[in-house]
Structures are given as C-alpha cells and as structure tokens.
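Structure, as structure tokens:
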Amino acid sequence: MTRRPRKALIIGAGIAGPVAAMFMTRAGIDAEIYETWPYSTGIGGGIQIAPNGMHVLAELGLADELIRHGSIAESFDFYSQRGKKLGSLNRNMQQRFGQPAVNMCRATLNETLIDKAWCSNVAMFFEKRLVKIEDRGDQPVIAYFADGSTAEGDFVIGADGVHSAVRRHVIPDGPTPFDTGLIGFGGFMPRAVLEGLPIGQRVETTFGQSGFFGYGLCSPDPNDGAMWWSTQPSHGMTAAAYRLQSPDAIKQHLRDFHAGWHDPIPAIIEAAENIVVTDTLDVATLPTWSRKRTLLIGDAAHATSPHAGQGASLALEDAMRLGRLMLDRQELSLTFQNFEAERRPRAEKIVALARRNGNSKREFSATGAWIRDRMMKLMLPLGARAMDFMYAYDPRAA
C-alpha cells in the first residue's frame, strides 16, 4: 500500500510562504498556500536582498533572473544632511560572501516566487483569511477560513507576517508587534532622476537632525527603476492616519520634513508618485515558535524593522533551513524544536541590531546630530566588520 505524502498548510504567500512550499516539495511533502489577500501584482516598495538571502534564491535557480530584473548594490554610502560623506558599508559583497546584495521591487520578488511555486506544483488559494486552527491529536490539522471553507493537513506553517493570525493560535495571549516609534515613506521614481548623478550602483543614504533618507537603483525599468525611502519619528501619527490624507498632502509633508536637505533629495520627493506609508514594527522575542503541529517562520516568528536590511533574507533563510530539517524525517515536534533552536539566536540578534540602528534615525538636537555624525565617521569601519556575521551566513551549509 502506497503511503500518501505528508501535507503542509502554509498560511501566507509573501516571501517565506512560497519558498517554504518549494522546499517542502523537495522534501517529499505536499504543500498548499493560503493567502488572506487577493492575488495582485505591483504591490510594495523597494527591497534589498543581502548575500545570505541571495544564496537561497540561487538554490531555487532564481538568483540570476532577479539580478537581471534588479540592480546590484555596490555599496551603502552615508551622508550628513548637508551632503558631507560620512562613510561606506557593504563593498565587494559578491567577492567577500559569494553573492551580491541586490536591490529590487518587492513586487518583482513576490511575483517571481509565486510563479516558481506554481511551477513546482504548489497549490495556492487567495482571499483565504485564517480564523482558527484546530489540532486534535491523531486527526488532521484543520484550518478554518473566514469564507466558511476549511483545509486539512498534517501540519501548519505560519508565514503570514508581522500581524500573523497563526501567531495568535500558537501563543493566544502572546506579545503583539512593538511600535518602534518610527514611520516609513517610500516608493519609486524614474531612473532619470538619478542617472545624471555619480551614484552609479551605490545606495546613498542621509542622516538628518531628525530622520533618514535613502535612494538607489532597483530595476532596469526607466519609469520606476529607482527606489527611495524616508524614515521619520512618528510623533504619535500612524501610517493609517497618513493614508487618510491626500497624495498631495503626503508629498507636502515630505517637502516640509526634508526642507534644506542636500540634492537630489528635493528632486526625488518632487518625482515621487504612489507613496507608500508604513509603521515600523518588530517582534523582538516570543516564548515559543511552535504549538503542537503548527510552526511560525519569517516575520510571524521574528519580525525585524528595516534598519539592518535583513527581514526578507531572514525569511528566505528560515524557509530553506526548515526544508532541510524536514529531509531528516524526524518526529514533527523534534523538527520544530531543532528549527527554533537553530534559528532563534541569529534572528533575535538581528532584530535587536536593527532596533539599535533605528535609534540613529530619531530626533536629535543640533549638537547631538553633530556628535552622531562624527561618531559615525569613526565607527563605520568597525561597524562594517561587526555586521559581517549577517552576510557570511550560508544557509546551504548551516
């Protein structure tokens, strides 16, 4: 009698979900993905995948394609509000770590992963908002959705992001995402805004007396092939409150906030369209990442703020490492324990690092900003070495 393959119910079709599904199929496990939102394209801002994340994409045969559709970041350069260079990080990444850091549109990454998962015989279901998970002993795990439908499987992987519904099942009274007090604005602009400048393939970022601004190329598309972002103290305003404002009002806020900042920041703001506003949240630690036959991965387990540039890469690592552990065919609870024991120290170290990095983007006095800028000139070379542990990690060899 042929034994049927185990089946994973994966909640979330962002980054971790489709990649986990593909690695499940490699382990001989059927995978189904259930996503809250309708299938759509063109959603999200710019993103950078670090070398450690690019190793995962290379394992899936997607690295070269995403490099073609993105832009290799040759360095990460820092400036003061007046345009004085403070230093650089992340040079020669490909030579040092085996893969480059690559800027890309988040939508391009998501669409590529979903297409690849479909081609890997992963079943996907959209507009499926999870409301409950039922796990009763030797019966299949049942996921219940808001439309009245259900799905049965052998285990559940929660890859549903910072506001995870699966997390509420795993830890019913557990921690909620922490608001770091910063808010992000971002979007795309025509490449022409940057192409007359000597930026090349570098990412340029600026520390102000209050806030932070960054920009760089992210795709060959002439119309929206450059990305930008602004990080600011929220002063009690939420992203939802900003999204109630008109696009003109949001752009005027950016003009006012960044008034007097060095070129090309004013021109970038003028060129910006379809501005995305997001709260900056993280999940520093959870008491556990699993409950019975349900496991959290990616932002559902350890959401990180964007200030270390590692959120997507950590999600990619999680998906690959879980798939590799599934190849051992151990008892499920042991696999989940081993996964958490392996992944938690690294993930929580990076979440904490990102939160600390965000502190330099808060509001300073004029004297405080002057001191910070000079300290950065001294400390960036040391900081570069201290961050190598993130990029040197190769999930294929862990």
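The values are calculated or read from the model by the stated rules, or taken from the named source; none is laboratory data. Remember, it's a predicted structure, so these values are computed and weren't measured experimentally. Ideal geometry is used to build each Cβ from the backbone, glycine not excepted, and the neighbour counts take in all protein chains shown. Note: accessible area is taken over every heavy atom of the protein model, side chains too, but ligands, DNA and RNA are not part of it. Shrake-Rupley method; radii C 1.70, N 1.55, O 1.52, S 1.80 Å.
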Item checked: Over 30 Å (Cα to Cα) - which of K292/K349; K116/K251; K128/K251; K128/K361; K85/K116; K132/K251 fall in this group -> K116/K251; K128/K251; K128/K361; K85/K116; K132/K251
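Roughly how many percent of the accessible protein surface of the chain is carbon and sulfur, given a 1.4 Å probe and a whole-percent answer?
Carbon plus sulfur share of accessible area: 52 percent.
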Margin query: If amide hydrogens are placed 1.01 Å from N in the peptide plane, which non-local residues have theirs closer than 5 Å to the one on S234?
Written below: L182, I183
Margin query: If I ignore ligands, DNA and RNA and count only protein heavy atoms, how much of Y391 is accessible to a 1.4 Å probe, in Å² to the nearest 10?
Written below: 10 Å²
Checklist line | Compactness of the chain, expressed as Rg and Dmax over alpha-carbon positions, Å | finding: 21.2, 76
Next item on the list: Might you tell me the accessible area per residue for the chain, computed with a 1.4 Å probe and given in Å²?
Entry: 44 Å²
Checklist line | Packing-based order for 112-119, 295-302, using average beta carbon neighbours within 10 Å, highest first | finding: 295-302, 112-119
Next item on the list: Using only Cα atoms, locate the centre of the range 81-156 and the centre of the range 265-334, then give the distance between them in Å, rounded to an integer.
Entry: 8 Å
Checklist line | Percent of C-alpha pairs per 10 Å bin, the range 23-107, short to long | finding: 14, 33, 32, 15, 5, 1
Item checked: In sequence order, calculated HN-Hα J values of the range 317-333 (Karplus, 6.51, -1.76, 1.60; Hz; x Gly/Pro) -> 4, 3, 4, 6, 5, 5, x, 5, 5, 5, 5, 6, 6, 7, 4, 4, 4
Notebook entry, point to check: Can you give the calculated 222 nm mean residue ellipticity of the chain, where each DSSP H run of n ≥ 4 adds -39,500 (n - 2.57) and the sum is split over every residue, rounded to the nearest 500 deg cm²/dmol?
Noted result: -11500 deg cm²/dmol
Note to self: If you filter the range 8-102 for trypsin sites (Lys or Arg not before Pro), then keep DSSP loop positions with at most 15 other Cβ within 10 Å, what is left?
What the structure shows: R82, K84, R91
Check: In straight Cα distance, which aspartates and glutamates are under 13 Å from K84, not counting same-chain residues fewer than 8 positions off?
Finding: E204, D263, D373
Note to self: Loop-only GluC sites (Glu not before Pro) in the range 299-398, please: DSSP not H, G, I, E or B, and at most 15 other Cβ atoms within 10 Å.
What the structure shows: E331
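For the range 147-228, state which GluC sites (Glu not before Pro) are in a DSSP loop and have at most 14 other beta carbons lying within 10 Å of their beta carbon.
Numbers: sites: E152, E195, E204; in loops: none.
Loop-located and lightly packed - none at all.
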Notebook entry, point to check: Where a Cα-Cα gap under 15 Å defines reach, which aspartates and glutamates qualify for K7, not counting those fewer than 8 residues away within the same chain?
Noted result: D30, E32, D135, D138, E152, D154, E331
Notebook entry, point to check: Hey, if you put +1 on the Cβ of every Lys and Arg and -1 on every Asp and Glu Cβ in the chain, which of G45, S219, H169 ends up farthest toward the positive end of that dipole?
Noted result: H169
